[in-house]
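S.K.: One structure, as structure tokens, below. Some questions next.
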Amino acid sequence: MNIIFDNIIYNLQRYGGISVVWNELLSRARKDKDLQVTELDYRQTPPRFMERYRIPAYKAETPSIFHSSYFRVLPQKDVYNVTTVHDLTYHFYRRGLAKAVHLWEEEHALRHSEAVICISENTKRDMLHFYPWVKEEQIRVIYNGVSDAFYPMKSVEKKGYLLYVGNTQVDYKRYDVAQETARLTGLELVTASHVTQEQLNKMYNEALCLLYPSDYEGFGIPVLEAQKAGCPVIAQNRSSIPEVIGEQGLMVEHDTPQRMAEAMASIVRELQSRPTQTMIEAGLKNAQRFSWDTNYEQVKQLYENIYHHHHL
């Protein structure tokens, strides 16, 4: 199978969840002898002006599947486009020109895609709400995985701080709730940003727990990273989090940031006062449900289905 991977995401973000997902997909596709892989990469060659909004300047060997990392399609005969929808954040939380341009880009990709990957059932529901004309048979829910770089470290001493992983500048991530939770409990709040997986794993191992108060997530990879490292997670019971965190996950649900912080603080105090091994073991077991290898096999199966559907 000829697969063209459009690596435009690396020109849009240096770090981030989409880059993580794309890295995992590419690392496996490159080693897959069933695939003839072409990568369109703009990190070495300077991209054209407004490259992210333009049709890729590439003439495909056909037939091919074109899978973009961020809402681009290749409108050529016998090229079949696959689009991944990670979340519908722009619909809920952005305004103005940035929102209008993104929604144009998003809709254009969906209208010209053979198949659409959603990374959670919640993302699928949101997408169908905003784009009810997308045919449900075109959609595949394929969960993200979690890296083996995260694991319990026996040699690391617990420092008992509260850990926050995520963007501190975006309101819906609710960093303010994490700050207030720390104030209420009197514990140190450590924020992880731009660290390696090895450094982050150590931070999960040192922390009392991960605070994940986000209002909206397409998936929520840090929840699984923390669980796989043996770190309890306190999260908000919204969006995709109930799908990801597992049946025994610690979740709060309140109508104001202050009440949410108070609820999180109450759980933090419980974690301080009682053994957490059962909870840690439940998190470790839950994280086993998600694998990048499984994710890749499901994406590859989707590619094969497209080929077979067109009798290629």
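The values are calculated or read from the model by the stated rules, or taken from the named source; none is laboratory data. Please read all numbers here as calculations on a predicted model, not as lab measurements. A quick note on method: Cβ atoms are made from the backbone with ideal geometry, for glycine too, and the neighbour counts reach across all protein chains shown.
S.K.: In this structure, is K158 among the charged types (D, E, K, R), out of contact with any strand residue (DSSP E or B) (no Cβ under 7 Å at 6 or more places or on another chain) and surrounded by fewer than 19 Cβ atoms within 10 Å (Cβ to Cβ)?
M.R.: Spelling it out, K158 is indeed among the charged types (D, E, K, R), out of contact with any strand residue (DSSP E or B) (no Cβ under 7 Å at 6 or more places or on another chain) and surrounded by fewer than 19 Cβ atoms within 10 Å (Cβ to Cβ).
S.K.: While we're looking at this one, here's another question. With the checklist (1) under 30 Å from F92 (Cα atoms); (2) buried (at least 16 other Cβ atoms within 10 Å of the Cβ) in hand, flag the one item D176 doesn't pass.
M.R.: It is condition (2) that D176 fails.
S.K.: Same structure, new question: Give the stretch 1-34 a look and list any residue that's within 21 Å of P56 (Cβ to Cβ), modelled with pLDDT of 95 or more and in a loop (DSSP other than H, G, I, E, B), or say none.
M.R.: Across the stretch 1-34, the qualifying residues are N7, R30.
S.K.: Can you give me the number of residues within the stretch 277-308 that are more than 26 Å from the chain's Cα centre (by Cα) and touching a residue at least 60 places away in the same chain (Cβ under 8 Å)? Let's see the steps before the verdict.
M.R.: As a first pass, look at the stretch 277-308 and keep what is more than 26 Å from the chain's Cα centre (by Cα): 277-278, 307-308.
Filter again for touching a residue at least 60 places away in the same chain (Cβ under 8 Å), leaving 307.
Count: 1.
S.K.: Write out, first by first residue and then by second, each pair whose Cβ atoms fall under 7 Å of each other, whose residues are 6+ apart or on separate chains, and whose first residue, in the stretch 26-47, is of a type in the set (A, V, I, L, M) while the second is assigned to a loop (DSSP other than H, G, I, E, B).
M.R.: Note: pairs meeting the criteria are A29/L35; L35/M1; V37/R30; L40/N7; L40/P56; L40/Y58.
S.K.: Could you list all residues from the stretch 185-220 that are over 20 Å from D171 (Cβ atoms) and hydrophobic (A, V, I, L, M, F, W, C)?
M.R.: Hits for the stretch 185-220 are L187, V190, V195, L200, M203, A207, L208, C209.
S.K.: Let me ask something else. Given the criterion over 18 Å from V299 (Cβ atoms) and of a type in the set (F, W, Y), identify the matching residue among Y53, Y80. Before the answer, list the steps.
M.R.: Values: Y80 fails: over 18 Å from V299 (Cβ atoms).
Going through Y53, Y80 in turn, just one is over 18 Å from V299 (Cβ atoms) and of a type in the set (F, W, Y): Y53.
S.K.: Inspect all residues belonging to the stretch 71-81 and state whether any of them is buried (at least 19 other Cβ atoms within 10 Å of the Cβ) and of a type in the set (S, T, Y).
M.R.: Within the stretch 71-81, one or more residues are buried (at least 19 other Cβ atoms within 10 Å of the Cβ) and of a type in the set (S, T, Y).
S.K.: Another question about this same structure. Among the listed residues D176, D87, D78, D126, identify the single one that is of a type in the set (D, E) and not assigned by TED's automatic domain parsing to the domain that holds N7.
M.R.: D176
S.K.: Follow-up. So, in the stretch 272-312, exactly how many residues are in contact with a Leu (Cβ under 9 Å, 6 or more places away or on another chain), among the hydrophobic types (A, V, I, L, M, F, W, C) and at pLDDT below 95?
M.R.: The number of residues fulfilling the criteria is 1.
S.K.: Restricting attention to the stretch 57-66, does a residue exist that is within 19 Å of V21 (Cβ to Cβ), surrounded by 23 or more Cβ atoms within 10 Å (Cβ to Cβ) and in contact with a helix residue (DSSP H, G or I) (Cβ under 8 Å, 6 or more places away or on another chain)?
M.R.: For the stretch 57-66, residues within 19 Å of V21 (Cβ to Cβ), surrounded by 23 or more Cβ atoms within 10 Å (Cβ to Cβ) and in contact with a helix residue (DSSP H, G or I) (Cβ under 8 Å, 6 or more places away or on another chain): present.
S.K.: Check every one of the helices (runs of 4 or more DSSP H) wholly within the stretch 35-145 and list those with 1 or more residues that are charged (D, E, K, R) and within 19 Å of the chain's Cα centre (by Cα).
M.R.: Of the helices (runs of 4 or more DSSP H) lying wholly inside the stretch 35-145, those with at least 1 residues that are charged (D, E, K, R) and within 19 Å of the chain's Cα centre (by Cα) span 96-111, 121-130.
S.K.: Limited to the stretch 162-186, what total is found for residues that are out of contact with any helix residue (DSSP H, G or I) (no Cβ under 7 Å at 6 or more places or on another chain) and either of a type in the set (S, T, Y) or closer than 29 Å to D148 by Cα (or both)?
M.R.: Qualifying residue count for the region: 5.
S.K.: A149 versus (1) surrounded by fewer than 17 Cβ atoms within 10 Å (Cβ to Cβ); (2) assigned by TED's automatic domain parsing to the domain that holds K300; (3) in contact with a helix residue (DSSP H, G or I) (Cβ under 6 Å, 6 or more places away or on another chain): which is the lone unmet condition?
M.R.: Here A149 meets the rest and fails (2).
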